[in-house]
Structure formats: structure tokens, C-alpha cells
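**Student:** The structure's right below; bear with me while I get my questions together.
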Amino acid sequence: MSTAPLPAETWPQALARGFRARPMIVFLIAAMNTAIALLVWVEDPRPFWHPFVSVQLSGFAVAYCVNVAAPWNARRPIPPLALAVAAGSLLALVLIVIAKQYDLVHVTTRWRSFVGNFFSSFFVGLFVSLFFIVRERDARSQAALHQAESERNLHARQAVEAQLKLMQAQVEPHFLYNTLASVQYLTETDPPQASKLLGHLIDYLRAALPDLRAGSSTLRREFALARSFLEILAMRMGPRLAWRTELPEALADVPFPPNMLISLVENAIKHGVEPSPDGGAVAIEARRIGDRLRVLVEDSGRGLAAAAVDKSGGGVGLANVRERLAALFGARASFALEEVAPRGTRAIIEVPAGDPTAASPCPLP
């Protein structure tokens, strides 16, 4: 990959760049020049326009030369700044002589006044330019920090999304293998049940496969995926698993991150209901609370305490849920796990509620 350096700026380009300035900076320079002219006029018997013209020409000549030199880009800004201010002060003297139409005799007889004007312009211009350079460097440092933070957040979000794509591409192989094994067994022992289980598996894949590469989904799709998943498990686990879902029609088309709900359902089955000797029930609900959308998955399995003692590894999926919520919504989303009495666990996701009439992609930070 070629890394050729950028072409150097020519003198005409640099001189033209000297005229480019933000309107607010021009206004500030003009205002400061006017204030200095008023101070000078106190001891100047001539009309006000004399010091006004002199100070304005000096201030803008110095500002132009400093803009051409751009000392804020240098590693050591003071030497180029001093040279630029000196050049601007000399340019100001020439412009004053031309603007006020002084002849050579006037200049030679009042040379001490012109030298004094030069040094006054130099020191005032140096002080004011230092003030602007400090502010410019501080603004650039803040911008660089914000840019670095933005890039860090972008990379973190991309990493989380890449991890999601990997998870989605797997489609829970063990779940599929076990279900197909159950279909094979039922084909020999109970063909009608085998046909029913195969139908649920087809419904599950029909709901899951379109979302594998999608960046957004809706509650309708996610609830359909969860129902198909639970239908299959209910046939495999029998009376040990009961389940219900509650999705108001007004919330059906609200945007929701893909495969996040199924992760909570899988976690409830794997670490709550399935290890429990007498099984349990799973409830999935969606509610709108003000401008917030709350989705919860509750099970009556072993509960948080038993799962923590077991150390069976339920933290990876839930950690991914937390990371994805942080990447997609930042501080606007929340995720919590609660103990349910007398036994069980409740997982709660809260995100900003989208437009219930549009299945738009989930908002990014």
C-alpha cells in the first residue's frame, strides 16, 4: 500500500490561506483593536480615526501573517510566531504610510514614532496571538480526545456485533442435533409426534434463519422465534416444561435487537428449568412503561442462588446481552436479573420504546 507524502503547500496557497478566518475571530480582533484605539486616543490630540485606522491595520496585518505562518502546527510554536508577528508589524507600518498618505519627509522626521509603533504592535500582537494559539491547541486537544473516544466506542460496538454474528451463525448446534435425534427416535416409536416435532423445528428455523444476518428485528419476530423454540422443548421435556407469552398487538412491530430475547429464554431453560428435578414454567412478556419498552423472561426453575453454587456457566450469554445493549443504546438501556419467590429468576431488559407502527432498525448510539 502506497504511503506517498502529501504535496507541500506553495507560497501562493499559504498567502491565500492567510485570509481564511472564522467570522467570530475577525469580530474579536476588530473589537480588541477598537478598545486599544480608544485607549491610545486618550493621549492623542488628533481625531479618533487616526489611532483607529492605525490600530486596525496593525491588528489585522499581524493576524494575517500569523495565519499564514500557522505556528500552532509547529512543534515549537514560539519562534515562527515571533517571526510572523514581526513581519505583520512591519507590514502594518507600510499600510499605515499608504493609508494616511505620509510622504518620505514625514516618515524620516518622525521615525522614532514609527519605531515605537512597531514595538507596540509587536508585543501586543505577540500577547494576543499567544492567547489564540493556546485556545486553538486546547480546542484541538479536546477534539482529538473526543475523536479517540468515538473511535474506541465504534470499535467496541463493532467487536460486539462481530461476536453477535458469530453466535447467530452457530444457530445453537446442540439444540438442533438433540431435536433431530428426537425426531429420529419418534419416527420409529410415535410417527404422529415425530411429524409434529418436525413441524415445530421447521417453524423455528423459518423464524431464525432470516434474522441471522439482520441488524434489526421486531418483537413480533422475536416472540415467534421464542414460541417455536419453546414448542420444541415442550415436546422433548414433556410435562416438566410449561410456558406462556404475552405480547400486546400495539407492541408487535416495535423494533428490538435480534436474538436477544431468545438468549434470555435459552438461559432460563438451560440454567433454571432443565436442571430442576420437577422442571418449571417460563413466562415471556413485553410492556410499554412511558417511553420505555420492558421485556422480561421469568422462570420458576432453580433460581439465582442454586445457579451460582452450580457454577454451570450461564454468564457468557448474559454478558453478551449486556455488551450488545451498551453498544446499541449506551446508558439508555438497562438489564437486570432478579430472584423470584419462592423459586426462580426474572431477567428484565429495558430500552427506549420505538415507534409501534414502524419496524425500523434498532437505534444506534
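The values are calculated or read from the model by the stated rules, or taken from the named source; none is laboratory data. For clarity, every value in this text was computed on a predicted model and none was experimentally measured. Every residue, glycine as well, gets a Cβ built from its backbone with ideal geometry; the counts of neighbours run over all protein chains shown.
**Student:** Residues being more than 16 Å from LEU318 (Cα to Cα) and either modelled with pLDDT of 95 or more or crowded, with 23+ Cβ neighbours inside 10 Å (or both): count how many of those fall in the range 250-279. Please lay out each step first, then the result.
**Tutor:** So in the range 250-279, the residues more than 16 Å from LEU318 (Cα to Cα) come out as 250-256, 273-279.
When the remaining residues are screened for being either modelled with pLDDT of 95 or more or crowded, with 23+ Cβ neighbours inside 10 Å (or both), the result is 254, 256, 273.
Result for the range 250-279: 3.
**Student:** Related question: Among the residues of the range 280-310, how many are over 35 Å from the mean Cα position of the chain (by Cα) and either assigned to a helix (DSSP H, G or I) or at pLDDT below 90 (or both)?
**Tutor:** Residues meeting the conditions: 8.
**Student:** Let me ask something additional. Here is a list: PRO80, PRO51, PRO47. Which entry is over 37 Å from the mean Cα position of the chain (by Cα) and outside any helix (DSSP H, G or I)?
**Tutor:** Matching residue, one of PRO80, PRO51, PRO47: PRO47.
**Student:** Of the conditions (1) closer than 25 Å to GLY199 by Cα; (2) among the hydroxyl-bearing types (Ser, Thr, Tyr); (3) surrounded by 18 or more Cβ atoms within 10 Å (Cβ to Cβ), THR245 clears all except one; give me its number.
**Tutor:** (3)
**Student:** Could you tell me which of the residues GLU249, GLU285 is closer than 18 Å to SER334 by Cβ and charged (D, E, K, R)?
**Tutor:** Working: GLU249 fails: closer than 18 Å to SER334 by Cβ.
Going through GLU249, GLU285 in turn, the sole match is GLU285.
**Student:** Can you pull out the residues in the range 338-362 that are surrounded by 15 or more Cβ atoms within 10 Å (Cβ to Cβ) and either within 18 Å of SER300 (Cβ to Cβ) or modelled with pLDDT under 75 (or both)? Let's see the steps before the verdict.
**Tutor:** The initial filter retains those residues of the range 338-362 that are surrounded by 15 or more Cβ atoms within 10 Å (Cβ to Cβ), namely 340, 343-351, 353-354, 356, 359, 362.
Selection gives VAL340, ARG343, GLY344, THR345, ARG346, ALA347, ILE348, GLY354, PRO356, ALA359, CYS362.
**Student:** Any residue in the range 226-247 that is farther than 11 Å from VAL273 by Cβ sitting within a Cβ distance under 8 Å of a residue that is among the acidic types (Asp, Glu)? List the pairs, counting only those 6 or more apart or interchain.
**Tutor:** The qualifying pairs are SER228/ASP203; PHE229/GLU266; GLU231/ASP203; THR245/GLU285; GLU246/GLU285; LEU247/GLU285.
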